[in-house]
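Written out below as structure tokens is the structure these notes cover.
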Amino acid sequence: MTSHFDAIVIGAGQAGPPLAARLSDAGMKVAIIERKHFGGTCVNTGCIPTKTLVASAYAAHLARRAAEYGVEIGKQVRVDMKRVKARKDEIAGRSREGVESWMRGLANGKVYHGHARFESAHTVRVNDDLLEADKIFINVGARAFVPPMPGLEKIRYLTNSSMMDVDFLPEHLIIVGGSYIGLEFGQMYRRFGAKVTIVEKLARLIAREDEDVSATIQEILEGEGVELQLNAECMTARQAGERIIVGLDCGEESREVEGSHLLIAVGRVPNTGDLGLDKAGVETDKAGYIRVDDQLRTNVPGIWAVGECNGKGAFTHTSYNDYEIVAANLFDHDRRKVSDRIMAYGLFTDPPLGRAGMTAAQVKASGRKALVATRPMARVARAVEKGETQGFMKVIVDAESKEILGAAVLGVSGDEVIHVLLDVMYAKAPYTTVSRAMHIHPTVSELLPTLLQELEPLA
Ligand SMILES: Cc1cc2nc3c(=O)[nH]c(=O)nc-3n(C[C@H](O)[C@H](O)[C@H](O)COP(=O)(O)OP(=O)(O)OC[C@H]3O[C@@H](n4cnc5c(N)ncnc54)[C@H](O)[C@@H]3O)c2cc1C
């Protein structure tokens, strides 16, 4: 028997639930299909759990530094990994339950638990149920990419998902991947007390960022005792008893790292291979991301793709913004589009990196005339007072329009401070809006006006 709906939402990640709620509120009969945990990656194996772990790691780090602030703790700082995990589970669990009960409580919604697969452009099978709707929204997200690394298939390794079950301290955690996910895990496990080696095939960490950002993050991590192996162009993995050995070069040289556990953090792959997209005629690119237009419509009328599976953003806020764009177009006669958004994201190491817009390298490649200003956090009073002076802030401005093109705030509160600049970028206001503003003392943001009074040509 086929059940008819006005809309079907596949995947309860970051865009699917608000979309389902909006559809239901509009009086539409909506089916919500989730195969695993409500809330998807962010809630269960991504942002929320990792940021609770980062918070525990920060507490341990600050406790070890207590004497610098004149605080006596006495005994050696010890991290109870079971309690760290329990705190993480509690916070992520509350969020998951919140999403699930929200979906189950929708006036016009019906929740299906199971794997959804298209049977045609308007029908989707989940377990024994066949559902039909004119409007279908795909929000299936992505999972950890496991690279074709010789030997990996024969050994036990961790991903961001299985890391969530770890309630012990690995003796030596080897992390393959020196980008956002690998760096957050690397610093936190080092702070928990593990030996950590990060292996990266490129010559520097988070190579998408400017070199000064990569270099400063490298200095911060190495300063805490995280070992780095860069230029590991050809990696292999093998098990030797209880130990795991990662080979870094396949040529003459034979660098190796030996550890107790291995985390693979080298990128993401969209969950689109097992959706029956061919039956619906929905096109993907070579990497499996669903092709969408500026309003997130696929090539098949009546089917949209939102969130990480469309390749337009790999963050919770980009997924949620996708929901807002689709809802605005469907319900509000507001033709919002993806190309209106300015890319922004954070790296939640300590100190964090807040990023908005273009890097200096991208600005240079674009050939525009630009101005840049940089200030070390050591010259920010609030950072000095807090005893957290690592990092710097940098802003790049268009020399002609005076608009802010991009910014990086790597330093204490950098993940918050960046929004001052981001909102001015959205307003398309000149940088003088900030440089002439009076900010509150003593804050990190207080130095943004000063920074913007020190612009020089971008060399
Ligand atoms: C370790 C880690 C840390 C991160 N930290 C941050 C951060 O700090 N900030 C940030 O912005 N982003 C962060 N991210 C990225 C963020 O988690 C994702 O970009 C975001 O969750 C993507 O949301 P989504 O809505 O696209 O899909 P998801 O949240 O992945 O949800 C997709 C849902 O679809 C379900 N599903 C898949 N296939 C099917 C199917 N066939 N049938 C039914 N259901 C299906 C899945 O079970 C899942 O629940 C992090 C990611 C990781 C891995």
Please report the projected area of the stretch 50-155's Cα convex hull averaged over all directions, in nm².
13.3 nm²
Relative contact order of the stretch 298-345: what whole-number percent is it, with Cα pairs under 8 angstrom and at least 6 residues apart?
23 percent
Over the stretch 70-177, what percent of the accessible surface lies on carbon and sulfur atoms, probe 1.4 Å?
49 percent
Taking every other residue with Cβ under 14 Å from the Cβ of residue 46 and scoring Lys and Arg +1, Asp and Glu -1, one gets +4
Students often get this wrong, so check it: of 36/110; 51/154; 369/428; 110/135; 82/195, which have C-alpha atoms separated by over 22 Å?
51/154
Residues with beta-carbon under 11 Å from that of residue 212, excluding residue 212: net charge, scoring Lys, Arg +1 and Asp, Glu -1?
-2
Testing the spin-label approximation: label points 7 Å from Cα along Cα→Cβ at residue 385 and residue 242. State their distance in nm.
4.9 nm
Linear extension gain, residue 335 paired with residue 436, 0.36 nm per residue minus alpha-carbon span:
33.0 nm
List the relative contact order of the stretch 1-153 as a percent without decimals, with contacts defined as Cα pairs under 8 Å and 6+ residues apart.
39 percent
By the 4.7 Å beta carbon criterion, which cysteine residues of the chain come out unpaired?
309
In percent, how large is the relative contact order of the chain, given Cα pairs closer than 8 Å and 6 or more residues apart?
13 percent
Euclidean distance of C-alpha centroids, the stretch 337-358 and the stretch 233-252, integer Å:
34 Å
Solvent-accessible area per residue for the stretch 53-166 (1.4 angstrom probe, square angstrom):
57 Å²
When the Cα atoms of the stretch 243-314 are enclosed in a convex hull and the volume is divided per residue, what value in Å³ results?
141 Å³
For residue 47, what accessible area in Å² do you get when you roll a 1.4 Å probe over the heavy atoms of the protein chains, rounding to the nearest 10?
40 Å²
Computed for the stretch 123-258: size of charge dipole around the Cα centre, +1 on C-beta of each Lys and Arg, -1 on C-beta of each Asp and Glu, debye to nearest 20, value 320 debye
Semi-axis lengths (Å, descending) of the ellipsoid that matches the C-alpha gyration tensor of the stretch 304-459
29, 19, 15
The whole-number value in µm²/s of the Stokes-Einstein translational diffusion coefficient for the chain, with Rh from the Kirkwood sum over alpha carbon pairs at 20 °C and 1.002 mPa s, is 89 µm²/s
Suppose only helical runs count, i.e. DSSP H with n ≥ 4. What mean residue ellipticity at 222 nm does that imply for the chain under -39500 (n - 2.57) per run, divided by all residues and rounded to the nearest 500 deg cm²/dmol?
-9000 deg cm²/dmol
Under 5 Å between amide H atoms, partner at least 5 residues away or on a different chain: which partners does residue 228 have, H built in plane at 1.01 Å?
198
On average, how much accessible surface per residue is there in the stretch 358-459, in Å², for a 1.4 Å probe, leaving out ligands, DNA and RNA?
48 Å²
Using a 1.4 Å probe on the protein chains only, how many percent of the accessible area of the stretch 375-459 belongs to carbon and sulfur?
53 percent
Using a 7 Å offset from the Cα along the Cα-to-Cβ direction at both residue 203 and residue 168, what is the distance between the two label points in nm, to one decimal?
4.1 nm
For the stretch 224-327, the accessible surface attributable to carbon and sulfur atoms (probe 1.4 angstrom, ligands and nucleic acids excluded) amounts in percent to 46 percent
For the stretch 296-338, what is the accessible area per residue in Å² when the probe is 1.4 Å?
43 Å²
Let me know the charge dipole size of the stretch 290-348 about its Cα centre in debye, to the nearest 20, where only the beta-carbon of Lys, Arg (+1) and Asp, Glu (-1) is charged.
140 debye
Please go through the stretch 1-95 and write out the trypsin sites (Lys or Arg not before Pro) that DSSP classes as loop and that have at most 11 other C-beta atoms within 10 Å.
75, 78
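The values are calculated or read from the model by the stated rules, or taken from the named source; none is laboratory data. None of the values given here were measured: they were computed from a predicted structure. Backbone-built Cβ (ideal geometry, glycine too); neighbour counts: all protein chains shown. Please note that ligands, DNA and RNA were not included when accessible areas were found on the heavy atoms of the full protein model with its side chains. Shrake-Rupley method; radii C 1.70, N 1.55, O 1.52, S 1.80 Å.
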